[in-house]
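The values are calculated or read from the model by the stated rules, or taken from the named source; none is laboratory data. All of these numbers come straight from a predicted model, not from anything done at the bench. Counting neighbours? That spans all protein chains shown, and the Cβs are built from the backbone with ideal geometry, glycine included. What goes into the accessible areas is simple: the full protein's heavy atoms, side chains included, and nothing from ligands, DNA or RNA. Shrake-Rupley method; radii C 1.70, N 1.55, O 1.52, S 1.80 Å.
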Amino acid sequence: MTAMTQTEADVLEKITVILQKPENRPPSDQIDVALDPAKIIKDLEDFYELLKESDAMLKAIVPYLKPPHYRPELPTLGEIEFGILPFWAKYPKEIPDYQDIPQVFLEFLKLVDGLGLIPQPTLTPKEYEHLKTAVQSYNAISPDGTSWGLGNFGQLDYRWLEAPINMLLVNYYYKKYPWPMAALNDPAKSPHVATIPEDGNTFAVAGDWGTGGDDAKAVRHAAVHLDPYYLFHLGDVYYTGTPQQSPGQTFLGPGYEMAHLVDFWPKTHRKPSRSFTMNSNHEMYTGARGLFEDALSSPIFAHQNGFTYGMLENEFWQVFYLDSAYYSPDFLKMYGALSEDQIRSVS
C-alpha cells in the first residue's frame, strides 16, 4: 500500500471523525466540527440507495457482455461507475492494483460498511471475473456504447470514490461556494444576458467532458472543427471539479477544474463572451468551489459575471442556460432543482 500524502492524511482524519459510530466519536470539544448524526445517516442512506441501484445496473449489464448481447432493462436511478463499489467493499483485494491504492479510499469503504450502509453486492465473484476479463481485453461495451476501462475515469476506477468523500467534507467541514445574488440595475453584477449577432447562430455544446484525456481531446477537436460562434460546456469536470487551492479547505484531487477545463479550453475559442461553462453534480462534490473560484474567475468565462445561469437571445430565440445542480436536494446531486431567482429569470 502506498504511503499517504499529507492531503490524503488530512482528509482521512476528517472522514474518520464524520463516519465513526457516535459512541466512538471524540467529545465535541475535541473536534473542530459540529456534527449532526441524523444528517450523516440521511446522507449515507441516500448513498446506500444509489449503490443499491447501481449494483443492480451492473448486475444487469454483465450478461449483455456475452453473445448474443440481449439488451437488458436497467434501473433508472443508478450510476454505473458506482455499481462496483458494494462488491469492492466486501472484497477489497479484488480492486485492480489493490496494493497501490491510497489508504484513504479503503478506509472510507471500511468505515461506511461498518455503519451497515453499503448494500450486499448482487454481483458474484464469478461475474466479477468475467467482467474484469472483458474489460482487460477491451470487449466490455455497455448497451449505450460506452467502452469500459480500468484506467482513469473508467467504470472500474476506484477514484470515483473521491465524489462521496469530498461531498462529505463539503457537508460537514466546509460549505458550498456562496450562491451569487444579482444586483438590481447593474448588468456587471447580474447573470449574463446578451444579443446573439446575425452571424452567431451556431452553437457547439459538450457535457461530461472534463477529463483532460484523449476522449476529451477528440471532443474538443470535433467542436473546434465545426467552428461554432458559441462554445458551451454543460458541466462535469472529473473527478470532482476541485479548486487549485481553496483557503482552509483540503480536497482529494486538487486542481481538476483548472487542469481539465480552463487550461484545456481550445485556444481558438477564447474570444470574449463566446465561451460558457455550467454547473453539474461533479462540480458540486467540492461545493462548486473549483467552478466559481477557478473557472468563472478566468478571462475565458469572465463575462458570466460569476453566475452559472443566463440567457442569449435574438429576434426569434431565447437560449437560457441554467444551474440545476447547486440546489439539488440529494447527497450526490443527481436529481436537480432550480433556485427561485432562476425560475423568475425564465418566467
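See the values below:
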| quantity | calculated |
| --- | --- |
| For S280, residues with placed amide H under 5 Å, excluding near neighbours | D236 |
| Given 13 as the ceiling on other Cβ atoms within 10 Å, longest exposed-site-free region of the chain for chymotrypsin sites (Phe, Trp or Tyr not before Pro) in DSSP loops | 139-315 |
| Average silhouette area of segment 32-83, convex hull of alpha-carbon atoms, in square nanometres | 4.4 |
| Whole-Hz couplings from phi, Karplus 6.51/-1.76/1.60, listed for segment 182-189; x for Gly and Pro | 5, 9, 4, 6, 9, x, 6, 10 |
| K217 paired with T5, simple spin-label distance in nm, labels 7 Å along Cα-to-beta-carbon | 2.2 |
| Distance from segment 195-254 to segment 316-347 (C-alpha centre basis), Å | 19 |
| Cα-based radius of gyration of segment 131-286 once divided by 2.2 N^0.38 Å, which approximates compact folds | 1.21 |
| Portion, in percent, of the accessible area of the chain that falls on carbon or sulfur, probe 1.4 Å | 53 |
| 5 angstrom amide H check on D330, placed H, neighbours 5+ away | Y335, G336 |
| Spacing of the two label points (7 Å from each Cα toward its C-beta) at A134 and L234, in nm | 2.6 |
| Charged-residue dipole, Cβ positions (Lys, Arg, Asp, Glu), the chain about Cα centre, Debye nearest 20 | 240 |
| log₁₀ of I(q)/I(0) at q = 0.11, 0.13, 0.16 Å⁻¹ - segment 101-198, Debye sum with one point per alpha carbon | -0.63, -0.75, -0.90 |
| Whole-Hz ³J(HN,Hα) from phi, Karplus 6.51 cos²θ - 1.76 cosθ + 1.60, for segment 333-345, glycine and proline x | 6, 8, 8, x, 6, 9, 6, 4, 5, 5, 4, 5, 5 |
| K93-Y335 FRET efficiency (beta carbon distance; Förster radius 35 Å; 0.05 resolution) | 0.50 |
| Loop GluC sites (Glu not before Pro), segment 1-87 (other Cβ atoms within 10 Å of the site Cβ: 14 or fewer; DSSP) | E73 |
| Whole-Hz couplings from phi, Karplus 6.51/-1.76/1.60, listed for segment 315-324; x for Gly and Pro | 4, 10, 10, 10, 10, 9, 10, 10, 10, 9 |
| Globularity ratio of the chain, using Cα Rg and 2.2 N^0.38 Å | 1.05 |
| Unsatisfied cross-links (Cα-Cα over 20 Å) in the set K42/K333; K110/K175; K21/K333; K59/K333; K52/K110 | K110/K175; K21/K333; K59/K333 |
| Difference of contour (0.36 nm per residue) and Cα-Cα distance, R270 to E198 | 24.0 nm |
| In Å², nearest 10: area of I196 left accessible to a 1.4 Å probe | 10 |
